[in-house]
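Data block below; observations after.
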Amino acid sequence: MRRLEGRSMYIVRLMNVMAASGGVDPFVQRCTDAHLASIWIRMGYGRRIDPNLRHPDFSQLHKKLTGAGIQIWGWHVPRCPNVEIAQQEAELVVGWARDFTLAGVLLDAEQGDRFFQGGGDEAAAYVRQVETGLSALGAGLALSSHDAPRFFRTFRSHAS
């Protein structure tokens, strides 16, 4: 599996970032100037793909960032209210990583109404399937949170 190293940046709304940068080339230059090793693009919530992956310039952006040595990772916000949906989400995440040639995926380890809703069984089903699928692709896997991981014990303890 790939490892995350160096400076990285979250991108919530690729369309806004691209517009503010003035297009693909200026954005790639900004990433290069900032010495970024990777960018983390939100790829979806639950079973819903994020518009970021459907951006009309995504393919060109991917090619130019990769050419500049900057990896593109997706970040997924799992919902996983039950095991069946957790497995569906995992399948989608792996498919998106494959279809959009992502270097890896960050899993958002936060809990609450808008985030991870399951318990131990859901976390285990989701993470095992994502890990197996990404490993087969040679892609990386990481956990992400805006807060200290110790605050998300249910997700973390059952995801490993």
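A few remarks follow.
- Nearest-20 debye value, the chain charge dipole, Cβ charges on Lys, Arg, Asp, Glu: 260
- Looking at the stretch 1-124, the pairs of alpha carbons with a distance over 19 Å make up 47% of the total.
- Helical content alone sets the calculated 222 nm signal of the chain at -13500 deg cm²/dmol, taking -39,500 (n - 2.57) per DSSP H segment of four or more residues and averaging over every residue.
- DSSP beta bridge pairing in the chain, given as percent antiparallel to the nearest 5: 10
- Around Gln87: net Lys/Arg minus Asp/Glu count, Cβ-Cβ under 15 Å: -3
- Cα convex hull volume per residue for the stretch 21-61 (Å³): 80
All of the numbers you see were taken from the coordinates with simple rules; none came from a lab. What you see is a predicted model; the values in this text were computed from it and never measured. Positions of Cβ are generated from backbone atoms using ideal geometry, with glycine treated the same way; all protein chains shown enter the neighbour counts.
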